[in-house]
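Shown next, in structure tokens, is the structure this report addresses.
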Amino acid sequence: MNDLIYALATPVGGAIAVVRLSGAGAGALLHTVFTGRGAAREMAYGRVVDETGETLDQAMAAFFPAPRSYTGEDMAELYLHGGQASVRRVLALLGRHARSARPGEFTERAFLAGKLDLAQAEAVMDLINAGAERGAKSALSQLEGGLSRRIAAVEGQLLDALSGLEAAIDYPEELEEDVTSALPHALASAEAELRALIGAGLSGRVLREGARVALLGRPNAGKSSLLNALSGVERAIVTQYAGTTRDVLEETVSMEGVPVTLFDTAGIRAAEDPVERIGVARARSAAERADLLLICFDLGAPLSEEDFALLAETAARPRIAVCNKSDLPALWKPDALADFGLSVMTVSAQTGEGLAALRQAIAASVAPEAESALVTNARHIEALQRAAASVAQACEMAAGAELELVATDLREALNALGEITGRTAAADLIERIFAKFCVGK
Ligand code: GDP
């Protein structure tokens, strides 16, 4: 068993502080510092006492003997009062007997003990970081092994193909024909499954990072007002910060459980002033990266050339027309935009009219399908893409006679898939992944 580590597993300042211990001697150390006695995996009540017999805190504690613990090692958890001074004293006491854990070290040990694979370990971290409800659900399904199972199925197909190939390479007279005739079909089906996972992953990014929604429109259309009005809900998970420029502001909110990052861009128009031109360029680049455009129009001012130019320019993009200021006497009808082939919503940033419907329309437009919740991690998507490329290449080669080359491609594909589950991940990659965890996890 590994050396004994300890860490505070809860944020500082809460009502309860949980301290975790894992490794050789966790039970003995609990016995030394804690007076309560309970059966394995059962809570006991007692006092935490130091070497001089002084009571540092009253606490609950539990002992989890190996292998039925999070890390697979002997573990103990202490539930202390959250007072900072007493927590510090308890940590100091433990520090005289055990080593302070590195970030993610508990989960790393769980991974090394085979309690979870790398994709699941990363899901633990995603779950901690998930801002919106749907992101949390998808991380949970990955933690439960959804992605790992799908990958294992593809690995199985590729391994079968590879072992057939290897036999054909070793005994060309006997087997070659059978193998080469079945191969293209098997590889095509593996590739299709990989492409499906990648497709799911690209929209799964929305759940992890939030959909990027850019507000466009000429100055005074009410973009800033709309940004404020739309983000004025579910403040609890809102993070607000000014973008790197004065011109693009962003705010992440949850819309119907989907995380959405709204960008308010400076008015896009043919700018004369060089400073303004920089703002316009930045607005354009925010718009180019957006998953959805909200094109804002002012019902209280006549439609202009600029409005039509913006409509023409964004024709190929996912977009919603937002006719703002419905509280004012309208100078034109939203129907005027009907011919441009986009959905048209009428709202007032000022009174809030139409905003609930707009939020629903935004969420419906950017929310990925339930299926896509499976792959949300950029590292996984990248590895899937490499695997799919290798399988595609193998597929092409399979028609020819160079079986060795096909086998090489299949091995590369298997390596790429192994990086997701951790089966073939290099030690430094694993270290880098766990270093991103918080201490105590
Ligand atoms: P931006 O330049 O597109 O960001 O527009 P702003 O959000 O700064 O709004 C321009 C002006 O329109 C401000 O004076 C706002 O108070 C006003 N405004 C924005 N939305 C509404 C609305 O729904 N109704 C009315 N009556 N005025 C609005």
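Structure values in brief
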| item | result |
| --- | --- |
| Index of the failed condition, Tyr79 passing every other in (1) open to solvent by 50 Å² or more (accessible area, probe 1.4 Å); (2) at pLDDT 90 or above; (3) assigned to a loop (DSSP other than H, G, I, E, B) | (3) |
| Filter result for the condition that a residue is surrounded by 14 or more Cβ atoms within 10 Å (Cβ to Cβ) and either in a loop (DSSP other than H, G, I, E, B) or charged (D, E, K, R) (or both), over Arg89, Arg68, Arg41, Arg37 | Arg89 |
| Scope the stretch 207-227; condition more than 8 Å from the ligand (Cβ to nearest atom), open to solvent by 10 Å² or more (accessible area, probe 1.4 Å) and at pLDDT below 85; matching residues | Leu207, Arg208, Glu209 |
| Residue count for the stretch 382-424, restricted to those that are touching a Leu at 6+ places or on another chain (Cβ under 9 Å), of a type in the set (Val, Ile, Thr) and surrounded by fewer than 19 Cβ atoms within 10 Å (Cβ to Cβ) | 1 |
| Test for Ala361: is it outside the structural domain of Leu21 (by TED's automatic domain parsing), within 20 Å of the chain's Cα centre (by Cα) and surrounded by 15 or more Cβ atoms within 10 Å (Cβ to Cβ) | no |
| Any chance Gly341 is within 16 Å of the ligand (Cβ to nearest atom), open to solvent by 20 Å² or more (accessible area, probe 1.4 Å) and not aromatic (Phe, Trp, Tyr) | no |
| Residues within the stretch 95-106 that are modelled with pLDDT of 90 or more and buried (at least 22 other Cβ atoms within 10 Å of the Cβ), tallied | 3 |
| Qualifying position, being free of Cβ contacts under 8 Å to residues at least 60 places away in the same chain, under 32 Å from the mean Cα position of the chain (by Cα) and closer than 12 Å to Ser22 by Cβ, among Ala101, Ala76, Ala66 | Ala76 |
| Odd one out for Gly46, checked against (1) in contact (Cβ under 8 Å) with a residue 24 or more places away in the chain; (2) buried (at least 17 other Cβ atoms within 10 Å of the Cβ) | (1) |
| Boolean, Thr346 is within 16 Å of the ligand (Cβ to nearest atom), surrounded by fewer than 18 Cβ atoms within 10 Å (Cβ to Cβ) and farther than 30 Å from Glu144 by Cβ | no |
| Ala356 open to solvent by less than 50 Å² (accessible area, probe 1.4 Å) and not charged (D, E, K, R) | no |
| Which numbered condition Ala200 misses (of (1) buried (at least 18 other Cβ atoms within 10 Å of the Cβ); (2) away from the ligand (no atom under 16 Å from the Cβ); (3) aliphatic (A, V, I, L, M); (4) modelled with pLDDT of 75 or more) | (4) |
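The values are calculated or read from the model by the stated rules, or taken from the named source; none is laboratory data. Keep in mind the model is a prediction, meaning the values are calculated, not measured. Quick reminder, even Gly has a Cβ in these numbers, built from the backbone with ideal geometry, and neighbours come from all protein chains shown. Only protein heavy atoms, including side chains, enter the accessible area calculation; ligands, DNA and RNA are left aside. Shrake-Rupley method; radii C 1.70, N 1.55, O 1.52, S 1.80 Å.
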